[in-house]
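The values are calculated or read from the model by the stated rules, or taken from the named source; none is laboratory data. Source: prediction; values computed, not measured. Glycine also receives a Cβ, built like all others from the backbone with ideal geometry; neighbour counts cover every protein chain displayed. Just the protein is used for accessible areas: all its heavy atoms, side chains included, with ligands, DNA and RNA removed. Shrake-Rupley method; radii C 1.70, N 1.55, O 1.52, S 1.80 Å.
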Amino acid sequence: MIVIVRLVNGKLEEREYPDTMFFEIGDILPDGAEVVELPYPDDIDENLIATGTYDEDDID
């Protein structure tokens, strides 16, 4: 996964991390860098399971 961060000195840097790591924009990394962009792949994983969905039958 490619993550674009803003370093403490204000410069932008592109970093690569394992796909098992999770980042959000605004996260501060241990070295003080801030996550500013999370490019997503062009292809969509067909095996991805959406979370946070609901079934309309479960609504009271």
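Values for this structure:
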{"quantity": "Test: residue in the stretch 39-54 that is at pLDDT 85 or above, in contact with a strand residue (DSSP E or B) (Cβ under 8 Å, 6 or more places away or on another chain) and not hydroxyl-bearing (Ser, Thr, Tyr)", "calculated": "no"}
{"quantity": "Condition met for Asp57 (part of a loop (DSSP other than H, G, I, E, B) and either open to solvent by 100 Å² or more (accessible area, probe 1.4 Å) or at pLDDT 85 or above (or both))", "calculated": "no"}
{"quantity": "Scan of the stretch 28-37 for residues that are within 12 Å of the chain's Cα centre (by Cα) and open to solvent by 50 Å² or more (accessible area, probe 1.4 Å), ordered by number", "calculated": "Glu37"}
{"quantity": "Failed condition for Leu7, given (1) modelled with pLDDT of 90 or more; (2) within 12 Å of the chain's Cα centre (by Cα)", "calculated": "(2)"}
{"quantity": "Residue list for the stretch 1-14, filter: among the charged types (D, E, K, R) and surrounded by 13 or more Cβ atoms within 10 Å (Cβ to Cβ)", "calculated": "Arg6"}
{"quantity": "Complete set of residues in the stretch 15-27 that are among the hydrophobic types (A, V, I, L, M, F, W, C) and surrounded by 12 or more Cβ atoms within 10 Å (Cβ to Cβ)", "calculated": "Phe23"}
